[in-house]
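The values are calculated or read from the model by the stated rules, or taken from the named source; none is laboratory data. As the structure is a computational prediction, the values presented were derived from the model and not from experiment. Virtual Cβ from ideal backbone geometry, glycine too; neighbours counted across all protein chains shown. Side chains are part of the model used for accessible areas, which takes the heavy atoms of the whole protein and leaves out ligands, DNA and RNA. Shrake-Rupley method; radii C 1.70, N 1.55, O 1.52, S 1.80 Å.
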Amino acid sequence: LSFAVPEVRRHLLGVFAEVLEAGPDGLNMLYNRGMPLILWEEAFCDRFREVYGDDARTVPEDDPRLYDLRAEFMTAWMREIRELLDRQAERGGLRKRLKLSAMCLETEADNRRFGLDVARWVREGLLDQIGISRGSAHASGLPIDLGWYKRITAGTGVPVFPGLIAWALPTTADVL
């Protein structure tokens, strides 16, 4: 299921609307599994051709334009979720904002590759907190770049929670 396809996003928003009827505090998007989220689906290729005048299937896999367009689709998706949460809170007469969190990848480059423009999501006020997954199968395997996360959340009040996988922990000293 590609997030470039509007019908996929609409279907998932419908599922989330049902979930929100149960009254949770918000939603958490787990972007640490099931990568990639967008490849060369027709909707993506059509938009790529429209924006760049080129065939997405013929450019190198690390072409920055692929990353940029994936980020546009994923940011649109995050806006749609935020709007759903805000509508639900308003409809329910809630005084507090329903939270939107995302479990993201270790580094800026890992997130960028899959269209997760976490810095933009923070700037736009879409996220209320960030989790960082360690060891996603499609990521680079580099250590979590807490410096980057600290920079993009500085002064925003958006907390960052690095995740650790219990069965893959190094020594206690390394964890600390």
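Side notes on the structure shown:
- Cα centroid separation, segment 14-51 to segment 95-172 (Å): 17
- With contacts taken as Cα pairs under 8 Å and at least 6 residues apart, segment 1-120 reaches a relative contact order of 37 percent.
- In angstrom, the C-alpha Rg and Dmax of the chain are 17.2, 52.
- Kirkwood hydrodynamic radius of segment 86-176, from the reciprocal of the average inverse Cα-Cα distance over all distinct pairs: 14.5 Å.
- Along principal axes, Cα extents of segment 43-100, largest first, whole Å: 50, 18, 12
- Summarising the strand pairing of the chain, around 0 percent of its internal DSSP beta bridges are antiparallel.
- Count Lys and Arg as plus one, Asp and Glu as minus one, and take only other residues whose Cβ is under 11 Å from that of residue 133; the net charge is then 0.
- Spin-label zone in segment 123-142 - amide nitrogen under 14 Å from a point set 7 Å from the Cα of residue 99 along the C-beta vector: 127-132
- Accessible area expressed per residue, the chain, with surrounding protein chains retained (probe 1.4 Å, Å²): 56
- Surface share of carbon and sulfur [accessible, 1.4 angstrom probe, percent] for segment 39-149: 48
- Förster-model FRET efficiency, 41 Å R0, residue 109 and residue 18, C-beta, rounded to 0.05: 0.70
- For q = 0.20 Å⁻¹, Debye-computed log10 I/I(0) when each Cα of segment 1-79 counts as one equal scatterer: -0.91
- Summing +1 for each Lys or Arg and -1 for each Asp or Glu among the other residues whose beta-carbon sits under 12 angstrom from that of residue 67 gives -4.
- Each Lys and Arg adds +1 at its Cβ and each Asp and Glu adds -1 at its Cβ; summed about the Cα centre, the chain shows a dipole of about 660 debye.
- If R0 is taken as 30 Å, the Cβ-Cβ distance between residue 41 and residue 89 corresponds to a FRET efficiency of 0.40.
- Loop GluC sites (Glu not before Pro), segment 61-125 (other Cβ atoms within 10 Å of the site Cβ: 11 or fewer; DSSP): 61
- The chain: DSSP helices with Cα axial extent of at least 20 Å and average Kyte-Doolittle hydropathy no lower than 0.0: 6-20
- Among the GluC sites (Glu not before Pro) in segment 1-51, those placed in a DSSP loop whose Cβ has at most 10 other Cβ atoms within 10 Å are 21.
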